[in-house]
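Here is the structure we will look at, set down as structure tokens.
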Amino acid sequence: MPAWKILNRIKERFAAAVERTDVPANNRLFVHVRPGDLREVCRHVFRDMDARYVISIGWDDRPHSGGFVVSHHFSFDKAGVLCCVLVRLPGDHPKVDSVSEIIPGANWAEREFQDLLGICPEGHPWPKRLVLPDGWPEGVHPLRKDVAWNHVPEGYNHDAEHRFEDPPPGCVVVPFGPFHPTLDEPEHFRLYVEGEFVRGCEYRGFMVHRGIEKLGDSVLTYNDIPMAAERICGICGSVHNVAYAQAVEQAAALGVPLRAEYVRTIMLELERLHSHLLWVGLACHIVGFDTLFMQSFRIREPVMWMAEKISGNRKTYALCVIGGVRWEITHDLKDEMRAMLKTLEKEWLAVAGAVKGDRNLQKRTKGIGVTSKELVKEMGLVGPIARAAGVNIDCRRDLPYAAYDKVDFDVVVHEGGDVWSRVLVRVLEVFESIRIIRQCLDRMPDGPLQAKLNGELPVGRLGVSSVEAPRGESHHMVVTGENNRPRRWRVRAPTYQNLQGIPAMIKDQRLADMTISLGSIDPCFSCTDRVETLDIRTGGSQVYTQTELLQMTRQR
Amino acid sequence: MSLLSKIKETLICFKAGRVTLPYPRETRPVPPRFRGRPVFDAAKCVGCGGCASNCPAREILMVDLCQEVRVVKYIGRRCTYCGRCADVCPEKAITMSKEFETATNEIHDIQQELELFMGTCQRCGRCFTDAGPLDQLKMKGYRFDELDKDRWVYRSAGYLEKEAAVRDIEIEMD
């Protein structure tokens, strides 16, 4: 079903509400509606037409149109269309009808534009501060255009503490994080525990919010942002790099050379390979099965070397510029990659065969962190979490980008919904990635790597792009602007939605299963209980144990 | 069945053997495309400023100290080694080296400062680099009579400073 058919169905119901529509391509649909009808249009799109909720984004358009804009993004996965429902809001005291009652997954996104732009979501069930630090004064909204990127407001209190809600009666509070061996980033879960069982939690995150979007629309330029974007995530960096470039290219209606699209596909799949191998290792580490943790990392290392040979770095490939890629894949590299994939496939087959029957692993992961199809729909969960719960979505197939429409692959789906299903989905996706890379290597045509850009990019256009990261769909939106930089750039990483599903996943589970439930979304590792020092001149080494280190620090 | 899979897992471990590399005793050679610390070649640089305006981390500064001297300063603190500067350089004056062990207590170890002697265009009055070293020698103020301070700067006041002008201006670091 192309975009205009979806548009017709929306117009059938809401002919009067639709103010303006843009259909820039067969797979993109932008519907501007009247603010009063926003909630009903969203209900229709989300419930009646069964679209998947992606994200809600606000931006400050006052310098150009005098007001604010809020955009709700949906994906029609079966039709392959990304649909944005936009409303224009007045410049002072902007208010918008909240859709969180209809779409629970919009909870964070609406609180985020309340914090960063001062757009009030009216009727929000829990409009508590989400992104801004606790000591940040009210009324200063950093993403507004009249606030400088390095502005620190008067009255900012560094030492302010977060005001947590009271736990339910009969429950004990167990703090989890900000620093915990199984968390890769500082996040804080305040778990309400009754006996051994978790009854609920409150989340406080955004402790490493780096204001990278503000930099993007005030400091960096179009071609600088890909290098900043890939530093959003240490594992799926290239995903953000490609997603941003694609969003700009879609906004500017810019064609990319075919060879560049194949190179992007290969690099994205290399990234998926090493990310899945890393995740399987870390998941095993979390449940205490360090043998497989070591072996996954051993098998993973040649993938990192391959990426280093292509791009000059193990991670942060600095791959995309607007209109193409920077790194060529030569014939020699192709042959090396084929050999690497062959050994990888052989070794991973052995691991997959061994893991499948491992009852110890199953006992720690079966029936743990269960998600239902309903939860996936309500919260907008994506990636292996959704696929392990039997929801057949994958951006590579549903919203094809780069060269994914030119290769054959299967989407791995499992019905279990628990952590064990996620292990299986990821283990099997490794083989699909190998298959995709092999086809790309065979079918990659000759040609240029970068499109020729003539003049400036057009101004004021909206571009959206979804890329399937190893963890799920990563969604970027760009509004093109003046001075060689976008007016607004918004990133929605897959974990943004998946973390919102955590409270439901850990409810009524044992406290000990919290770590693997969380780890099944996003792997992490920061556990070092000993340090090795090495003297290069003498070649001798000494290993300190934890107690020795403690003694050393105490002596000082 | 679980026992069988334990045996399989053991076999995988035995087959793999020891794979850890002896770093830092021996360093593994880096591949040819490796992107390490960028190195700037003053002899090739024409001072066009392309690197400075394309640096995502804004780590390359261009400062015109006077009509004839342009300073290119690579600060190297936030540098992400993306290699965009080497990409856009029209003279190939920037190469991404193979250096990756760049942790240091002294930031000047990785910084670079190029003092470029620029001529003045007779038509537009803006700066350009002269074609070769002989042309540069003909320019006023360009002397080699003190070898330890090989670049003297002609100031608009009309006399030679004892110190190179580059040192007497505090360049903003960040």
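Values for this structure:
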| quantity | calculated |
| --- | --- |
| Test: residue in segment A:317-335 that is of a type outside the set (S, T, N, Q), closer than 30 Å to residue B:13 by Cβ and not in a loop (DSSP other than H, G, I, E, B) | yes |
| Selected residue [of a type in the set (Asp, Glu) and under 27 Å from the mean Cα position of the chain (by Cα)] from B:9, B:68 | B:68 |
| Single residue of A:308, A:269 found to be touching a helix residue (DSSP H, G or I) at 6+ places or on another chain (Cβ under 8 Å) and in a helix (DSSP H, G or I) | A:269 |
| Residue check, residue A:73 crowded, with 16+ Cβ neighbours inside 10 Å, at pLDDT 95 or above and within 22 Å of residue A:378 (Cα to Cα) | yes |
| Failed item, numbered, when residue A:192 is tested on (1) within 19 Å of residue A:209 (Cα to Cα); (2) surrounded by 11 or more Cβ atoms within 10 Å (Cβ to Cβ) | (1) |
| Check on residue A:257, out of contact with any His (no Cβ under 6 Å at 6 or more places or on another chain) and either β-branched (Val, Ile, Thr) or crowded, with 18+ Cβ neighbours inside 10 Å (or both) | yes |
| Selected residue [exposed (fewer than 15 other Cβ atoms within 10 Å of the Cβ) and in contact with a Pro (Cβ under 8 Å, 6 or more places away or on another chain)] from A:151, A:162 | A:151 |
| Residue match in segment A:346-355 (condition: out of contact with any helix residue (DSSP H, G or I) (no Cβ under 7 Å at 6 or more places or on another chain) and within 14 Å of chain B (Cβ to nearest Cβ)) | yes |
| All positions within segment A:274-310 that are free of Cβ contacts under 8 Å to residues at least 12 places away in the same chain and buried (at least 23 other Cβ atoms within 10 Å of the Cβ) | none |
| Test: residue A:479 is under 18 Å from residue A:218 (Cβ atoms) and in contact with a helix residue (DSSP H, G or I) (Cβ under 8 Å, 6 or more places away or on another chain) | yes |
| Conditions (1) in contact with a helix residue (DSSP H, G or I) (Cβ under 6 Å, 6 or more places away or on another chain); (2) of a type outside the set (A, V, I, L, M); (3) farther than 19 Å from residue A:518 by Cβ: number failed by residue A:332 | (1) |
| Selection count, segment A:287-305, where residues are more than 10 Å from every other protein chain (Cβ to nearest Cβ) and of a type in the set (A, V, I, L, M, F, W, C) | 4 |
| Selection status of residue A:341, in contact with a Gly (Cβ under 6 Å, 6 or more places away or on another chain) and either assigned by TED's automatic domain parsing to the domain that holds residue A:77 or not charged (D, E, K, R) (or both) | no |
| Index of the failed condition, residue A:336 passing every other in (1) within 11 Å of chain B (Cβ to nearest Cβ); (2) at pLDDT below 95 | (2) |
| Residues of segment B:32-84 that turn out to be crowded, with 20+ Cβ neighbours inside 10 Å, more than 14 Å from every other protein chain (Cβ to nearest Cβ) and either touching a His at 6+ places or on another chain (Cβ under 6 Å) or not hydrophobic (A, V, I, L, M, F, W, C) (or both), as a count | 6 |
| Wholly enclosed strands (runs of 3 or more DSSP E) of segment A:16-96 bearing at least 3 residues out of contact with any helix residue (DSSP H, G or I) (no Cβ under 6 Å at 6 or more places or on another chain) and over 19 Å from residue A:111 (Cβ atoms) | A:18-25, A:28-33, A:81-89 |
| Any hit, segment A:169-188, residues being surrounded by 15 or more Cβ atoms within 10 Å (Cβ to Cβ) and in contact with a helix residue (DSSP H, G or I) (Cβ under 6 Å, 6 or more places away or on another chain) | yes |
| Candidate set from segment A:311-330 (those that are without any contact (Cβ under 8 Å) to a residue 24 or more places away in the chain and at the interface with chain B (Cβ under 8 Å from one of its Cβ atoms)); member that is farthest from residue B:96 (Cα to Cα) | A:313 |
| Filter result for residue A:363 (within 10 Å of another protein chain (Cβ to nearest Cβ), surrounded by 15 or more Cβ atoms within 10 Å (Cβ to Cβ), modelled with pLDDT under 95 and more than 26 Å from the chain's Cα centre (by Cα)) | no |
| Residue within segment A:103-123 that is in a loop (DSSP other than H, G, I, E, B) and either without any contact (Cβ under 8 Å) to a residue 24 or more places away in the chain or out of contact with any Lys or Arg (no Cβ under 9 Å at 6 or more places or on another chain) (or both) present | no |
| Members of segment A:311-322 found to be on the phi > 0 side of the Ramachandran plot and buried (at least 23 other Cβ atoms within 10 Å of the Cβ), listed by number | A:312, A:318 |
| Number of positions in segment A:188-223 that are without any contact (Cβ under 8 Å) to a residue 12 or more places away in the chain and either within 13 Å of another protein chain (Cβ to nearest Cβ) or of a type in the set (Phe, Trp, Tyr) (or both) | 1 |
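The values are calculated or read from the model by the stated rules, or taken from the named source; none is laboratory data. These figures come from a predicted structure and were not determined experimentally. Cβ coordinates were reconstructed from backbone atoms using ideal geometry, including for glycine residues, and neighbour counts include every protein chain displayed.
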